[in-house]
Amino acid sequence: MTSQRSGSPDLTLSTPTETRHYVYGIIPTDDRAIFDVEGIDPANEVHTVVAGDLAVVTSGVSPERLQSLDRAAAVRALSAHQRVLETVMRDYPVLPVKFGTMLPDEDVLRALLGQGEGLMRETLAAYVGKEQREVVVLWDMGQVIQEIAAEGPISALRDQIAAQPAEETVDARVALGQMVHAAIQRRRAQIGDQVIAQLRDLADDVIINPTMDDSMVVNVALLLDQSRQDDLDQRLDELDALFGGKLQIRCVGPLPPYSFATLTVQALPFDAVDAARRQLGLAEEASAAAIKRAYRQLASQAHPDLNPSAEHAVADMEALTIAYDLLGALAKAQSPADDDGSHDWPCRLDRTTVERTLLLSVVRQEGAA
């Protein structure tokens with residue numbers, strides 16, 4: 001259940017100064033809400049930080065909690081991240097934020113909402129009424145191998161091997177293993193094609209994820225309109241009948257659209273930005289055009305084609321390009337959201353501004369396991 005405290009002051013966590021703000025997602029609301037769900041750190045409540053009519057869903061966390069996680073701890077943390085988003089989506093459309101994202105304070109959270117407002121609104125609008133469903137199809141590998149072993153060429157080669165001394169059948173046994181493997185892959189592909197063909201027309205979008213192990217035949221994420229749940233259930237029943245009940249078909253959801261739209265947030269370390277600025281010989285404020293001019297001038301001098309005998313020419317040019325790309329991304333992030341490219345906005349490279357500037361993008365997580 002979600003409790004809301006509209007009109008109350010911004011929530012401030014009375015936690016140690018080293019605590020950071022873990023970011024789960026973005027929602028379209030001006031509600032200052034507390035969510036009744038256990039987050040990454042059970043000791044800290046999951047709540048919103050609001051700017052205008054957008055909000056960050058966040059909770060306090062110690063950075064050490066997410067560092068050097070073993071597999072079991074990573075799974076628990078990811079489960080907590082997903083659990084929060086699934087709770088939030090009961091009441092709000094939600095734009096998921098990449099797992100593991102932490103920001104230092106509420107000022108930066110509000111800066112995130114301001115800087116990414118246009119991108120966030122556009123993405124949230126595109127996914128209104130949509131939800132992710134994940135369909136996984138499993139088979140009994142022992143049964144599959146038994147059926148494949150009975151196929152003509154494989155059965156004949158197996159009988160031939162059985163009738164000869166083991167030392168004389170090394171090559172034949174290798175060939176048999178290759179034939180069985182190829183047959184399994186063909187059967188998996190055929191079943192996968194049939195399943196995807198039956199599901200694709202129901203979905204607005206489909207992402208085919210890798211199978212996790214030999215027992216998994218299909219692992220697919222579907223972006224569905226919320227009104228199509230009954231259609232999906234019926235289609236899965238039809239698939240079960242098509243395969244004579246030999247496959248296990250599991251459907252997970254509804255979920256936020258993790259695979260189709262996840263917001264990535266990158267805070268740039270000031271030291272790296274300052275080193276790039278110095279490398280290009282720039283002041284603490286420079287326009288995108290000035291950054292490009294400085295890069296081109298230095299590149300014309302450092303390019304390996306012009307310095308074939310220079311021992312470190314390639315490495316120097318690569319470092320110069322990395323510096324340019326970093327400052328170019330920062331300049332773009334600092335430009336107004338409605339910039340049409342006709343203005344040459346100043347990019348501020350001082351520590352305070354750099355530490356409050358975030359690189360944002362919405363990505364598809366193709367092939368996520």
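What is the chain's relative contact order, in percent, from Cα pairs under 8 angstrom and six or more apart in sequence?
Working: 585 pairs, mean separation 62.6, N = 369.
Taking the mean separation of contacting Cα pairs over the length of the chain, I get 17 percent.
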Task: Surface per residue (accessible, 1.4 Å probe) for region 30-179, Å² - done: 48
- [ ] Using the Karplus curve 6.51 cos²θ - 1.76 cosθ + 1.60 with θ = phi - 60°, work out ³J(HN,Hα) for each residue of region 27-35 in order, rounded to whole Hz, and write x for Gly and Pro.
- [x] 10, x, 7, 10, 6, 8, 10, 10, 9
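Divide, for the chain, the radius of gyration over alpha carbons by 2.2 N^0.38 Å, where N is the residue count. Can you show the working numbers first?
Working: Rg = 27.1 Å, N = 369, 2.2 N^0.38 = 20.8 Å.
The value comes to 1.31.
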Task: For Y127, solvent-accessible area (1.4 Å; no DNA, RNA or ligand), Å² - done: 50
Open item on the list: Rolling a 1.4 angstrom probe over the protein chains, ignoring ligands and nucleic acids, what is the accessible area of T353 in square angstrom, nearest 10?
Closed with: 30
Open item on the list: Given the whole protein assembly as supplied and a 1.4 Å probe, what does the accessible area of Y324 come to in Å², nearest 10?
Closed with: 50
Task: From phi via Karplus (6.51, -1.76, 1.60), per-residue ³J(HN,Hα) for region 56-68 in Hz, x at Gly/Pro - done: 9, 8, 8, 7, x, 7, 7, x, 4, 5, 10, 9, 6
Task: Accessible-area order (highest first, 1.4 angstrom probe) of the listed residues T262, T352, T211 - done: T352, T211, T262
TODO: Treat every Asp and Glu Cβ in region 72-146 as -1 and every Lys and Arg Cβ as +1, leave all other atoms uncharged, and give the resulting dipole magnitude about the Cα centre to the nearest 20 debye.
DONE: 140
Open item on the list: What whole-number distance in Å separates the alpha-carbon centres of region 64-124 and region 161-208?
Closed with: 39
TODO: Mind checking which of Y24, L326, N44 is farthest towards the positive end of the chain's charge dipole, using Cβ charges of +1 (Lys, Arg) and -1 (Asp, Glu) about the Cα centre?
DONE: L326
Task: Listed residues Y258, S361, Q229: farthest to the positive end of the dipole of the chain (Cβ charges) - done: S361
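Report D for region 100-190 in µm² per second (integer): Stokes-Einstein, Kirkwood Rh on Cα pairs, 10 °C, 1.306 mPa s. Could you put the intermediate results ahead of the total?
Values: Rh = 18.8 Å.
Once the numbers are plugged in, D ends up at 85 µm²/s.
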Task: Cross-link partners of K332 among lysines (Cα-Cα below 23 Å; sequence separation of 8 or more within a chain) - done: K98, K292
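Take K98, K332 and sort them by solvent-accessible surface of the protein heavy atoms, 1.4 Å probe, largest at the top.
Details: K98 110, K332 160 Å².
Result of the area sort, largest leading: K332, K98.
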Open item on the list: What does the net charge come to around A150 if you take all other residues with beta carbon closer than 14 Å to its beta carbon, with K and R at +1 and D and E at -1?
Closed with: -1
Task: Per-bin percent of Cα-Cα distances, region 42-139 [10 Å] - done: 12, 42, 33, 12, 2, 0
Task: Solvent-accessible area, 1.4 Å probe, carbon plus sulfur percent, for the chain - done: 49
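The values are calculated or read from the model by the stated rules, or taken from the named source; none is laboratory data. Worth saying up front: this structure is predicted, and the values here are computed from it rather than measured. Neighbour counts run over all protein chains shown; Cβ positions are idealised from the backbone, glycine included. Side chains are part of the model used for accessible areas, which takes the heavy atoms of the whole protein and leaves out ligands, DNA and RNA. Shrake-Rupley method; radii C 1.70, N 1.55, O 1.52, S 1.80 Å.
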